[in-house]
Amino acid sequence: MKATVTMLPIFAIVKSTNKLVFFGAVISLILSFESAVKAQPLHEMVFTDAHDLTIIGKAEESEMFYHRLDTSLHKDLPSVIKTLATRSAGLAVSFTTNSSTISAKWCTSKQVTDDNMTGIAYEGMDLYIKRAGRWQFAGVARPQSHDCSEAMIVENMKAGKKECLLFLPTYDETLSLSIGVDIGASLYPEKYPFKKSVVIYGSSIVQGASASRPGLAYPARLSRETGYNFINLGFSGNAKMEKSVVDMIAAMPMDAIILDCVPNPSPEEVLKRTHYLITTIRKFHPGIPIIGIQSVAREKGNFDTVVAARVARKNEYFKQEVRKIQKTDKDLYFISADGLLGDDQEGTTDGIHPNDLGFDRMLQKICPPILMILKRNKSYGFSN
């Protein structure tokens, strides 16, 4: 005869023994206390709503403080673009404080983090503080739930004024944010830290997948490393050069634009839509630098021949269309995909989206020519 094991529900076991009931209650109290402690800052703080500070990185002003675009002004946009525009990718709060401690309370939508991203990148934040003229990483705000969180970002800092940039979640919608400092410390909005306006239109890679935290998305790194204001118009999976999107972007104020939008469209869409994309922007902005970048290599294509062929076709079509327009447009530039992620196949998280190593390699490849192109165009205020 086979032995039969009956699994009793936990509540049945607890009900059967008073000692177990007491033990369960104690454990429950301990866990509740631990959660409460984790949710509280280590000491008392004074919080300021980020609305009273300086928000940077928005493509246009909007009633919704943490949205990149005012989608109510653009009725013809695809619905998915309107949704993605609510994500706070590329936005940051600029402020100055003399506090030894900085913390944050914030709420996002109840989305669950994607499987190819960290929680910090998706719905958390990271802080940079300027020291000796350079923006340096100071700490992260780790999300504790998929809606509202409170976190200590950095503490035990030396006395003195600190110029700060707090980068907001790349893939979630930020609903509210307050920044906490020591009681008696100053906290006030800082002036805009970057100059000019360089729009980057592109895919999830532009939006920030799969950097480990928001400030490591490549538009954010370009801003900190060059001093120019790179506007993140990354639309995950949906930078397909649709006419309504092109018309919206072309009408925006800008001093230059980078087109990193080859990864999402089909090869046929790249061939059909690239000309309209570039020439429409040029009609609105005669003379500004327009920089086209081919798609990064899909490392999935190392063995998947269909993926490799598809990316190659898209890149070839994009290059072909750019070269045609360059014959009559001296301010149109082209950056190839060669070596964007390195050649050791270690530059992505999932075979598609760059990891921190991949983004670093991208910047090493694209930053020098971008800077050279911008500084060459002194008529739009770019200078050495």
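Where the second residue is of a type in the set (A, V, I, L, M, F, W, C) and open to solvent by 30 Å² or more (accessible area, probe 1.4 Å) and the first is closer than 17 Å to Ser210 by Cα and lies in the range 223-252, which pairs have Cβ atoms under 6 Å and are six or more apart or on separate chains? What qualifies is Asn238/Val80.
Does the range 226-235 contain at least one residue that is under 15 Å from Lys314 (Cβ atoms) and either assigned to a loop (DSSP other than H, G, I, E, B) or open to solvent by less than 10 Å² (accessible area, probe 1.4 Å) (or both)? Write out each step before concluding.
The initial filter retains those residues of the range 226-235 that are under 15 Å from Lys314 (Cβ atoms), namely none.
So far as the range 226-235 goes, no, none of its residues is under 15 Å from Lys314 (Cβ atoms) and either assigned to a loop (DSSP other than H, G, I, E, B) or open to solvent by less than 10 Å² (accessible area, probe 1.4 Å) (or both).
Of all residues in the range 57-68, those being closer than 18 Å to Pro253 by Cα and either touching a His at 6+ places or on another chain (Cβ under 8 Å) or at pLDDT 95 or above (or both) number 5.
Given the residues Gly342, Gly301, which is the only one that is closer than 26 Å to Glu242 by Cβ and modelled with pLDDT under 95?
Residue meeting the stated conditions: Gly301.
Please verify whether Ser72 is over 20 Å from the mean Cα position of the chain (by Cα), open to solvent by 30 Å² or more (accessible area, probe 1.4 Å) and either at pLDDT below 95 or farther than 30 Å from Asp255 by Cα (or both), treating the condition exactly as stated. Yes. Filtering the range 348-360 to residues that are open to solvent by 20 Å² or more (accessible area, probe 1.4 Å) and in a loop (DSSP other than H, G, I, E, B) leaves Thr349, Asp350, Ile352, His353, Asn355.
Got a sec? Which of Val93, Val37, Val46, Val14 is at pLDDT below 95, among the β-branched types (Val, Ile, Thr) and surrounded by 13 or more Cβ atoms within 10 Å (Cβ to Cβ)?
Working: Val93 fails: at pLDDT below 95; Val37 fails: surrounded by 13 or more Cβ atoms within 10 Å (Cβ to Cβ); Val46 fails: at pLDDT below 95.
Matching residue, one of Val93, Val37, Val46, Val14: Val14.
Taking the range 293-317 as the range and being part of a helix (DSSP H, G or I), more than 20 Å from Ile200 (Cα to Cα) and among the basic types (Lys, Arg) as the test, the residues that pass are Lys300, Arg310, Arg313.
Of all residues in the range 109-125, how many are touching a helix residue (DSSP H, G or I) at 6+ places or on another chain (Cβ under 8 Å) and either surrounded by fewer than 24 Cβ atoms within 10 Å (Cβ to Cβ) or part of a loop (DSSP other than H, G, I, E, B) (or both)?
So in the range 109-125, the residues touching a helix residue (DSSP H, G or I) at 6+ places or on another chain (Cβ under 8 Å) come out as 111, 113-114, 120-121, 124-125.
Adding the requirement that they be either surrounded by fewer than 24 Cβ atoms within 10 Å (Cβ to Cβ) or part of a loop (DSSP other than H, G, I, E, B) (or both) leaves 111, 113-114, 120, 124.
Here the count works out to 5.
Tell me, yes or no, whether the range 180-189 has at least one residue that is under 16 Å from the mean Cα position of the chain (by Cα) and modelled with pLDDT of 95 or more.
Applying the first criterion (under 16 Å from the mean Cα position of the chain (by Cα)) to the range 180-189 yields none.
No, the conditions are met nowhere in the range 180-189.
Taken together, Val322, Val296 contain a single residue that is more than 20 Å from Met117 (Cβ to Cβ) and either crowded, with 20+ Cβ neighbours inside 10 Å or not charged (D, E, K, R) (or both), which is Val322. Residues that are hydroxyl-bearing (Ser, Thr, Tyr), touching a Ser or Thr at 6+ places or on another chain (Cβ under 8 Å), in contact (Cβ under 8 Å) with a residue 40 or more places away in the chain and crowded, with 16+ Cβ neighbours inside 10 Å are absent from the range 330-347 altogether.
The values are calculated or read from the model by the stated rules, or taken from the named source; none is laboratory data. Predicted model, so just to flag it, every value in this text is computed and none were measured. Counting neighbours? That spans all protein chains shown, and the Cβs are built from the backbone with ideal geometry, glycine included. The area values use the complete protein model at the heavy-atom level, side chains included, leaving out ligands, DNA and RNA. Shrake-Rupley method; radii C 1.70, N 1.55, O 1.52, S 1.80 Å.
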